[in-house]
Amino acid sequence: MRNLAAKLRIAIVFSCASAFASPCWANDATSLPNAPTPSVMPASGRSARFQGASLDGQTATQTREPLSPTVQLQDSSEHHFGDRENIALFSAVGASRALDYSSTLNMRRRGRREILLTNDVVDNHPAFAAIEAGGTAVSVGASYLFHRYHHHRLERWTSMVHASLATSGAIRNYCLKTAHASTTP
């Protein structure tokens, strides 16, 4: 059963990573926009290339019209920190931490011991809830630092990995057998 739970955990982590990985590839050719080409038609109806010549061979003395204002393209990997994808990822982190909280309390009620924290911390429900909320806040903060310094793939991956690991930990907690009190004769 332990081997099956480990394989299930690995399968879930890889499936979550592959499901959320496609939006992270911002530099591939399909996600980059096509650059606009300026096209200016002068008032006379002729294209800008032939504006200096007239049909009768004389040069036109009219001034050229200014080109359209420069179009500044935003890099496709640039985005607002609070965009839809980040909100979804942060919600996934929060939900997975809440699932980890409930699974750990369930595990403690069934007589199992916590391996990462002391049992006294887990049994103090407000303190344990604050630790779980703090973990979520640290994840969002790390994502913001990556966003601030233009590491947008790492920004997304931070939340993906955190949500995957917290969910796999919760699944592990629920898969553990109940520890029965040993009776000595």
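So here's what we get for this one:
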quantity	calculated
Ascending count of other beta-carbon atoms within 10 Å, so fewest first, for Ile115, Ile171	Ile115, Ile171
Residues Asp100, Asp83 arranged by fewest to most Cβ contacts within 10 Å	Asp83, Asp100
Cβ-based exposure ranking for His162, His152, in which fewest neighbours within 10 Å come first	His152, His162
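Coordinate-derived values only; no laboratory data. In this text, all values refer to a predicted model and were calculated from it rather than measured experimentally. Please note: Cβ atoms are built from the backbone with ideal geometry, for glycine as well, and neighbour counts cover all protein chains shown.
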